[in-house]
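To start, the structure under review is shown below, and the notes come after it.
What follows draws every value from the coordinates through simple rules; no lab data is involved. Predicted model, so just to flag it, every value in this text is computed and none were measured. With ideal geometry, Cβ positions are generated from the backbone for all residues, glycine too; neighbour counts draw on all protein chains shown.
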Amino acid sequence: MDMIELRNISKSFESHKVLDDLTLHVKRGSTFVVIGRSGCGKSVLLKHIEGLLKPEAGEIFVDGKSILSMPDADMNSLRMKMGMVFQGGALFDSLTVGENVGFSLIEYSSLTKDQIHGRVEESLKLVGLSGIQELTPSELSGGMRKRVALARAICTNPDIILYDEPTTGVDPITADAINDLIRGLHDKLRVTSIVVTHDMKSAYKIADRIGMLYQGKLIAEGSPEEIQNSGNPFVHQFINGLAQGPITDDIKRTL
Amino acid sequence: MIKKAILFLGKKTASFFYFTGGINKLALEAFYLTFKPPFKEKPFIEQCRKVGVDSLPIVSMVAFFIGVILALQTAYQMQRLGSEMYIASIVAVSIVRELGPIITALVVAGRVGAAITAELGSMNVTEQIDALETLAANPVKYLVVPRFLALSIMLPLLTLYADAIGIFGGWLICVNKLSISSGMYTHITFNTLLFKDLFTGLAKTVFFGMIIAFVSCYEGFNVQGGAEGVGRATRHSVVNSFILIIAFDCFFTAFFYFIFP
Ligand SMILES: Nc1ncnc2c1ncn2[C@@H]1O[C@H](COP(=O)(O)OP(=O)(O)OP(=O)(O)O)[C@@H](O)[C@H]1O
Ligand SMILES: [Mg+2]
């Protein structure tokens, strides 16, 4: 059964077509990794699943329900079961770290201050941070901000988590800890995840399926082994990080 | 050339309707969400502090100077007519009916409105508004409602305060420089001022507050393109608030003049 399903999604900004008849299925409890070049529309893809952007054509189903025709109240209760890690963190800079991570708990739950403090500390520990609840986001380093954003997304124990480059901008040791965390949420809590990343090492480690986004479509999809041994020349160039190949040829042709 | 001019006008008209349409939509949503639970007082009180208390120094200063200037300018004319006795009543009525409300509104539009646009605008470009939505918090309820309530409640209070300071400025000049006795000045002031003057003066500031809130939030929500976009939106926010406040004031004054003379 598919937890997330995108059917023939198209999205343009002015005349620039970003997603072009894209179809994507993510099984319940699995981790889907999206790879692709910078600017190919990976973040745009994630924002569609959260309902932040609306496609011009196509349909989006989350947990079997079409989110495009959903009333606001239903969308909000669905969003309570989803977490999203933004590429830039998107922490609220008028709130402290603790208030950021515990945002949903403070707003919607009936937990006491101490209970919330405990839950927040737990989430922060999972991403390797602690004792920073009183700081404001402007007092954190870039990598710490990324991890606080991660903690905010997992704090409510969501069923679905969307990660936009969770390991970009953090040191290799922390990056591996984040990979373990994503893996752990998958193994222990059966969380459904979509992870956008450029980091192939992390992709192989966490993915059940990997899909490559290119010119608005998923041009290849498969298990990590299938992708690694893919005969597709575009995929081959991307995962091996080659400067010469069909992707760069396409760019030269359009210039 | 003519074609270009028509195109330009057409574009401007379209963007004007787009703007007013967007403001109306935001206002309706905010009104609706104001009465929808949950109600949170903390952000509202925080905004009241930012709008009201923090504006006190500048409002005091501007209102005081306006009172002094008004008294001097009126004295100049009244002395030529030999009727200095009218200075107090002219100062009182001008300030309470018009200058207090409009000056306070413009100061707050420049000070608070610009800050709101800059704040919401940077939240927008750093995806914090998107993040609010993903956390199932409605940005209008969370950001616009407390600002709109704070502005439409604090602006009348600030105006009342500005009126008092302005009249004090006038009193200072008249008593010290124009040899009108203090008792006389206060007596004339309170005798000329009608409840209607105070009421129309304060009532319109509620709307000025709403104009500032909705224009500044709307501009902040619609920022496009990084730091430069935030700068542009802040400028638009102040300019558009000024224009709408003055236009509404003109309409409101004419309405009361002709309907309830
Ligand atoms: N709000 C927007 N308005 C206009 N164009 C946009 C908007 N958001 C994204 N785009 C365009 O869509 C394209 C895809 O952007 P997106 O942010 O999804 O890239 P990405 O794949 O996430 O890249 P990166 O790996 O660098 O994060 C870009 O060309 C960008 O210019
Ligand atoms: Mg991106």
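Annotations
- Exposure proxy ranking for A:Asp199, A:Asp114, A:Asp20, based on other Cβ atoms within 10 angstrom of each Cβ and starting from the fewest, stands as A:Asp114, A:Asp20, A:Asp199.
- Tilt relative to chain B, helix B:182-192 - C-alpha long axis, 0 to 90 degrees, to 10: 60
- Other residues lying with their Cβ under 12 Å from the Cβ of A:Lys17 contribute a combined charge of -2, Lys and Arg counting +1, Asp and Glu -1.
- Judged by the mean number of other Cβ atoms found within 10 Å, the most tightly packed of the peptides A:127-134, A:176-183, A:152-159 leads the ranking A:152-159, A:176-183, A:127-134.
- Taking other C-beta atoms within 10 angstrom as a stand-in for reagent exposure, A:Thr168, B:Thr117, B:Thr134 fall in the order A:Thr168, B:Thr134, B:Thr117, fewest first.
- Reachable lysines from B:Lys204, criterion Cα separation under 22 angstrom, eight or more residues apart if same chain: B:Lys25, B:Lys50, B:Lys196
- Here the residues B:Phe214, B:Phe44, B:Phe31, B:Phe39, ranked from fewest to most Cβ neighbours within 10 Å of their Cβ, fall in the order B:Phe39, B:Phe31, B:Phe44, B:Phe214.
- Protection proxy ranking of A:77-87, B:87-97 - average other beta-carbon atoms within 10 Å, highest first: B:87-97, A:77-87
- Point-charge dipole on Cβ atoms (K/R +1, D/E -1) for segment B:14-89, about Cα centre, debye to 20: 220
- Extent along principal axes [Cα atoms of chain A; Å; largest to smallest]: 58, 43, 35
- 10 Å Cβ neighbours from other chains, averaged over peptide A:48-58: 1
- Positive-end residue of B:Leu72, B:Leu143, B:Phe242, charge dipole of segment B:56-259 with Cβ unit charges: B:Leu72
- Peptide-level mean, for B:56-64, of C-beta atoms on other protein chains within 10 Å: 0
- Taking the helices alone, chain A has a mean residue ellipticity at 222 nm of -11500 deg cm²/dmol, built from -39,500 (n - 2.57) per DSSP H run of at least 4 residues and averaged over all its residues.
- Rounded tilt (10° steps) of B:226-259 against the dominant C-alpha axis of chain B: 50
- Shielding of peptide A:78-84 by partners, expressed as the average count of other chain Cβ atoms within 10 Å per residue Cβ, is 3.
- Helical contribution to [θ] at 222 nm, DSSP H n ≥ 4, -39,500 (n - 2.57), averaged over chain B, rounded to 500: -27500 deg cm²/dmol
- Candidate lysines for bridging to B:Lys11, where Cα separation is under 19 Å - those fewer than 8 sequence places away on the same chain excluded: B:Lys3
- Helix B:114-125 and the longest principal axis of the Cα set of chain B meet at an angle near 0°.
- Simple point charges give the picture: +1 on the Cβ of Lys and Arg, -1 on the Cβ of Asp and Glu, and for segment B:131-261 a dipole about the Cα centre of about 100 debye.
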